[in-house]
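The values are calculated or read from the model by the stated rules, or taken from the named source; none is laboratory data. Values in this document were obtained by computation on a predicted structure and should not be read as measured data. Glycine gets a Cβ as well: all are built from the backbone with ideal geometry, and neighbour counts include every protein chain shown. What goes into the accessible areas is simple: the full protein's heavy atoms, side chains included, and nothing from ligands, DNA or RNA. Shrake-Rupley method; radii C 1.70, N 1.55, O 1.52, S 1.80 Å.
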Amino acid sequence: MPRTVHPERHFTERIGWLRAAVLGANDGIVSTAALLVGVAAAGTARDALLVAGLAGLVAGAMSMAAGEYISVSSQADTERADMARERGELAQDPEGELRELTGIYEARGLDAELARRVAEQLTAHDALSAHARDELGISAVLSARPVQAALASAATFAVGAALPLVVALLSPSGLVIGAVTASSLLSLAALGAVAASAGGAGRWRGAARVTFWSALALGMTALVGRVFGASV
């Protein structure tokens, strides 16, 4: 009888790239928009405002890439160390590891005899993968991918940061703050809704929480720009 192919795709399969992409785009919009609003509130000339925004885009994209790569690389290092230790334990004490795997399945609700049979069959098929998945919680779907996370973060940050920068470029001088703020909050609300939907959560809740914190960031930087700009 042919094996049945599992056709379903679950939301957890998207965690690796979705987290990095959403974080990058969200941070790109918020950081650049807040920078532009703060600098504009200080009464800075248009050319200096655009230079500041462009510098923020480049610096932010590189920072996101470096931060994601370092963070996810640390996770990958931990996973590799755990796998190496598990590989050694399987070589030194296979029976003890089999009992450990059996105990895991018993704790999940299988009776002792069935748990032993399942552990034996999975061990015969691929002992290391069985222990990685069921003892360590490491799977191919959720494993750390540093380069993927770094590239996704940098690219999405740049795309997100470009939006308020283009709005600032096209807006009349007296309307920069309002135009950047409105367009950024609308974009962030849409991004929050899309990200929540892609992750299987409610769209309105995702949009509301992103919009609230982004509005707070924009308001705080505008206040800083106004206060310190007026005092210079």
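Contact map, region 43-66: residues that are within 16 Å of Ile29 (Cβ to Cβ) and modelled with pLDDT under 90 paired with residues that are open to solvent by 60 Å² or more (accessible area, probe 1.4 Å) and not charged (D, E, K, R), Cβ distance under 9 Å, separation 6+ or inter-chain. Pairs shown: Met64/Leu23.
Scanning region 37-57 for residues that are open to solvent by less than 50 Å² (accessible area, probe 1.4 Å) and under 24 Å from Ala152 (Cα atoms) returns Ala52, Gly53, Gly56, Leu57. Residue pairs whose Cβ atoms lie under 7 Å apart, separated by 6 or more positions or on different chains, with the first residue in region 170-190 and more than 21 Å from Ala208 (Cβ to Cβ) and touching a residue at least 60 places away in the same chain (Cβ under 8 Å) and the second open to solvent by 50 Å² or more (accessible area, probe 1.4 Å) and charged (D, E, K, R), are Ser173/Arg46.
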